[in-house]
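Working notes for the structure below.
Please treat every number below as a calculation from the coordinates, not as lab data. Just so it is clear, the structure is predicted and the values come from calculations on it, not from any experiment. Positions of Cβ are generated from backbone atoms using ideal geometry, with glycine treated the same way; all protein chains shown enter the neighbour counts.
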Amino acid sequence: MKLIFLGPPGAGKGTQAQRIQENHGLVQLSTGDMLRAAVAAGTEVGKKAEEIMARGDLVPDDVVVSIISERTQQPDCAKGYILDGFPRNVAQAQALDKMLAERGESLDAVLELKVDPKILLSRIETRASETAGGPRADDNAEALKKRLDVYMAQTAPLIEYYGKKDILKSVDGMKSIDEVTAEIEAALKL
Ligand code: AMP
């Protein structure tokens, strides 16, 4: 099964993807986590991405598309995966469609976590205080505002993009973590 989790920063995509990974053996592929690992390791990609990420902008499409293209071919992805934080714009979604078509594959579903934008700042503040090793460089009010603007302008149009393909499912992300997991499992018939 190949899934996308869609939603603004702080919607709970990572938390829920991790739970679906644990419960159903799908691999969570977070481009944000992979980029943060590249930054920490000081790779070429990491050096390119560090400043862009800290201010809340998107790193170039070709960088994330090639990361996802390579990662999804690893043996552990054979049973399926959850894309968490990718695609972030229509160009990335088109690149993903092309990549899957070339492999004779397709997406099973796109899951949108719907949340009230008003709660996002407090969720991000909670995450910043709970992250082992200190808060992420972009978990602060200024970068969050930028990330939300980027989400609205570039990522939210994907709701229509996948809606038209008839694979979009929306879940209320304002409920408790357990309730949201249960709703996701029901929506995806897991
Ligand atoms: P996330 O952990 O998903 O919130 O991502 C953190 C940051 O990594 C984003 O604000 C972007 O700078 C970068 N990033 C993650 N995924 C992507 C993507 N698909 N396209 C471009 N930039 C990304």
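Some notes on this structure:
- Largest-first principal axis extents, alpha carbons of the chain, Å: 39, 39, 30
- When the listed pairs Lys47/Lys79; Lys98/Lys175; Lys2/Lys189; Lys98/Lys118 are checked against a 25 Å cut-off, the alpha-carbon distance exceeds it for Lys47/Lys79; Lys98/Lys175; Lys98/Lys118.
- Separation in nanometres of the label points that stand 7 Å from Cα toward Cβ, at Lys146 and Ala101: 3.4
- Simple spin-label estimate for Asp108 and Lys175 in nanometres, 7 Å along Cα-Cβ: 2.0
- Extension gain from Gln154 to Ser66, taking 0.36 nm per residue of separation minus the Cα-Cα distance: 29.7 nm
- Using the Cβ of Ile82 as centre and a radius below 11 Å, the other residues enclosed give a net charge of +1, where K and R count +1 and D and E count -1.
- Estimated FRET transfer efficiency when R0 is 35 angstrom, pair Ser122-Lys79 (beta carbons, to 0.05): 0.45
- Charge dipole magnitude, Cβ of K and R +1, D and E -1 - the chain, Cα centre, debye nearest 20: 120
- Selection among Ile177, Asn89, Ser129 by position relative to the dipole of the chain gives Asn89 as farthest towards the positive end (Cβ unit charges, Cα centre).
- Span from the the stretch 114-190 Cα centroid across to the the stretch 54-104 one, whole angstrom: 18
- Estimated FRET transfer efficiency when R0 is 30 angstrom, pair Lys47-Thr131 (beta carbons, to 0.05): 0.85
- FRET efficiency for Glu185 and Lys164, using Cβ-Cβ distance with R0 set to 30 Å, rounded to 0.05: 0.75
- For the stretch 101-136, applying the loop criterion from DSSP together with a ceiling of 13 other beta carbons within 10 Å to the GluC sites (Glu not before Pro) yields Glu105.
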